[in-house]
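The values are calculated or read from the model by the stated rules, or taken from the named source; none is laboratory data. A quick note: this is a predicted structure, and the numbers were derived from the prediction, not measured. We place every Cβ from the backbone using ideal geometry, glycine too, and count neighbours over all the protein chains shown.
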Amino acid sequence: TDISLPADAPKQLLPEKHADFLLQYCSSQDNYEYVMTEYLRMSGLYWTASALDLLGRLPDLRQRMDAAAFLRDCARPDGGYGPAPGHDSHLLYTLSAVQVALLFDLRDSLDAGAIAGFVRGLQRPDGSFQGDRWGEVDTRFSFCALAALFLLGLGDRLDDLVDARAAGDFVLTCANWDGGFGTRPGSESHSGQVYCCIGALSILGRLHELDVDRTALWLAERQLASGGLNGRPEKLPDVCYSWWVLASLAMLGRLSWISGERLLRFVCAAQDPEAGGIADRPGDLCDPFHTLFGLAGASLLRLGGDSLKAINPTFCLPVDCLDRHGLRLPLWTGD
Amino acid sequence: CQSQHLIEPVAAAAMSATAAGGWVLYRDRPDWADVTPLKQDESERTVLRIAYTEKFSDVHDYLRACMRADERSQRALALTADAIELNPANYTTWSYRRAILASLDGDMEAEMKLVRGIILRNQKNYQVWYHRRWVATRLSGADGTSELELTGEVLTEDSKNYHAWEHRQWAIRHFNLWERELAYTELLIGTDVRNNSAWHQRHFVLANRNGEASGLTPDVVAAETEFALNWIGQCPNNESAWSFLRGLHLDTGLADCPRLLQFCRELLATEAGCPHLLAFLADYRADQLDRRCPLAEGETRESVATEALRLLHLLATKADRIRRRYWLFVAGDLHARHGGQMPELQEGLVQPELD
């Protein structure tokens, strides 16, 4: 199970085109897709802004929108954030809101205490986090909870704010025999979930409790002959897995275990050379989600040249953004 | 929506009734005349005006109004069904629907039917599956077989649907439905031997069906080893089957099962380029060395280490070049711990990537 790269697919990264694509995408608010994705608008804004920042073009977006007002309108009384005005709060969009605030230098407009309260209220006795008041549990939410708290500058107070030990213990129960991680204990290993679990353990400083080589090998085995990475064994490669897998390997200190050159070729082939943007795989429609993760992967590999800023693998934010806010998470050396 | 938690005795069906054949906008429905629809906030912040289809915006204008007033009624319930049909990914709508159902002590049987239909039309949507779970736990007298049926139906169309497998695991645990799942995984493996989800599910059942005690007893491990080897023999280049095999022997160690060595050596005769086979054999040898297992007649630690290094070299230079840095790492590590003759691994390092 794999794809072949079309012979005429782009072979170089096209940063200028992607900036144009991203800016064009968010100003086309009268199309069906924009309307249908309102339920994730805050994340959409984060993907777009983060990608533009990687390309050094965030100022172009800042002048087109009032991010402060959007954040205000999405804040809910329970301290969390919804994806768009009028929507219920959820951990997913609360993390995205914090990421957006950092990118737009609006951290002061966040009520860190209220957000921390919202996050704490979602933790369950077994250490897991539910996404909202209804109770769905997913290791994605463990990551969202811990990452949001860290990005608010509360990283050295995690034990006070939540049951940090239980949070890590729960994540570890989601480890599978193959080295991967799933949504909940027993769930099939999946690259996206692995990223969330490694990210959570990275924030908690507990990566050494893993069989690192086994997990890193599972991740390395996601690479197919086309150079692309998949989410599970025997599934098709997808550009977004470039990020989930690569960032995980970076956090584990094993980035060299995949072929960066071949991966970059896959990402380049998934670009639209006319309108810009990156798709899940060559020939498909582009979107901001895959554009961000394709560029982020290229940045991690340091194969984007000068056109891409350095990116932090845990938080998928430019390193200079974290530096600017005094946020530091030491990269585990893998020993 | 004048009062909170307004409860309407009139059936929802009558309220959503359409005119002969056509869709009636909510703003044209007499039974909704008391509600002032709430338009999307279109401030000057947005660069362009947002233009929805008329039906979409009409439904959502009324939904916004009802949510603002927190109306909990049959007509609001029907309205959420319309909104969900238009955009089933909007979790706020689902959230509101649950709030209404809870207030009205809604008909969970009917709700199960509704969700089933939506799931079959939106099989990869998180919201629908969560809602199904929520309803199933509130349905009195449920025994979970409907969950196995539903996930079975979805998996027939898409045998790797992650949500369906998760839901199945939840139902099996919640309703104690372990007995026939092993057979189900065998059915799916037989249909597509590369279905990683099916192999994973098989491990899940074996490991968890005995509750706290691990289900991987020596008898089970022996039987399941033969099961896996049979499928590997038929299709050796299958990551999932090898992974399942490793999972069986994780606690005891590969070298405790000489059958594995025998099988691999036989397969090597015809599948010398299969990366999973080479890697497995290398791991078997490494396990023998790591745990200082007794070796066969004529074998020494040095000869076993040399064989492992040869396999790793083959992986790095021919069979699995894309991961050569990993194989070189493993080789270097094994050599450092156990010695053995290192093949010309420098060759593997300087050779450029082949296309």
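Kindly establish whether residue B:78 is at pLDDT 90 or above and away from every other protein chain (no Cβ under 14 Å). Judged against the criteria, residue B:78 is a match. Among the residues making up the stretch A:269-279, those that are in contact with a strand residue (DSSP E or B) (Cβ under 9 Å, 6 or more places away or on another chain) and on the phi < 0 side of the Ramachandran plot are A:270, A:271, A:272, A:275, A:278, A:279.
Out of curiosity, is residue B:223 surrounded by fewer than 21 Cβ atoms within 10 Å (Cβ to Cβ), more than 10 Å from chain A (Cβ to nearest Cβ), out of contact with any Ser or Thr (no Cβ under 8 Å at 6 or more places or on another chain) and assigned to a helix (DSSP H, G or I)? Spelling it out, residue B:223 is indeed surrounded by fewer than 21 Cβ atoms within 10 Å (Cβ to Cβ), more than 10 Å from chain A (Cβ to nearest Cβ), out of contact with any Ser or Thr (no Cβ under 8 Å at 6 or more places or on another chain) and assigned to a helix (DSSP H, G or I).
Taken as a whole, the structure leaves residue A:49 outside the set of residues that are more than 10 Å from chain B (Cβ to nearest Cβ), surrounded by fewer than 21 Cβ atoms within 10 Å (Cβ to Cβ) and of a type in the set (Gly, Ala, Ser).
Here the helices (runs of 4 or more DSSP H) wholly within the stretch B:285-355 that include at least 2 residues being at pLDDT 95 or above and out of contact with any Gly (no Cβ under 6 Å at 6 or more places or on another chain) are B:301-314, B:324-338. With respect to the conditions (1) more than 23 Å from residue A:92 (Cβ to Cβ); (2) free of Cβ contacts under 8 Å to residues at least 40 places away in the same chain; (3) not charged (D, E, K, R), residue A:212 falls short on a single one, namely (2).
The number of residues in the stretch B:63-103 being among the polar types (S, T, N, Q) and free of Cβ contacts under 8 Å to residues at least 40 places away in the same chain comes to 6.
The rows are residues; the columns are (1) in contact (Cβ under 8 Å) with a residue 24 or more places away in the chain; (2) more than 12 Å from every other protein chain (Cβ to nearest Cβ); (3) buried (at least 24 other Cβ atoms within 10 Å of the Cβ); (4) not in a strand (DSSP E or B).
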{"site": "A:84", "(1), (2), (3), (4)": "yes, no, no, yes"}
{"site": "A:89", "(1), (2), (3), (4)": "yes, no, yes, yes"}
{"site": "A:93", "(1), (2), (3), (4)": "yes, no, yes, yes"}
{"site": "A:96", "(1), (2), (3), (4)": "yes, yes, yes, yes"}
{"site": "A:153", "(1), (2), (3), (4)": "yes, yes, no, yes"}
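Residues of the stretch A:108-152 that are modelled with pLDDT under 95 and of a type in the set (Lys, Arg): A:133 alone. For residue A:115, the criteria (1) within 16 Å of residue A:75 (Cβ to Cβ); (2) within 14 Å of chain B (Cβ to nearest Cβ); (3) among the β-branched types (Val, Ile, Thr); (4) over 16 Å from the mean Cα position of the chain (by Cα) hold in every case but one, which is (2).
Residues in the stretch A:81-125 that are among the polar types (S, T, N, Q) and closer than 18 Å to residue A:157 by Cβ: A:94, A:123.
Within the stretch B:226-265, the set of residues being under 27 Å from residue B:173 (Cβ atoms) and in a loop (DSSP other than H, G, I, E, B) comprises B:249, B:250, B:251, B:252.
Among the residues of the stretch A:196-217, those identified as within 14 Å of chain B (Cβ to nearest Cβ) and surrounded by fewer than 24 Cβ atoms within 10 Å (Cβ to Cβ) are A:211, A:212, A:213, A:214, A:217. In the stretch B:202-213 there is no residue matching the filter, namely being in a helix (DSSP H, G or I) and more than 12 Å from every other protein chain (Cβ to nearest Cβ).
Under the condition of being aliphatic (A, V, I, L, M) and either within 12 Å of chain A (Cβ to nearest Cβ) or not in a helix (DSSP H, G or I) (or both), the residues counted in the stretch B:175-188 number 1.
Exactly one residue out of B:323, B:301, B:292 is among the basic types (Lys, Arg), touching a residue at least 24 places away in the same chain (Cβ under 8 Å) and under 27 Å from residue B:251 (Cβ atoms): that is B:301. For the stretch A:271-292, the set of residues classified as without any contact (Cβ under 8 Å) to a residue 60 or more places away in the chain and not charged (D, E, K, R) consists of A:279, A:285, A:290, listed by residue number.
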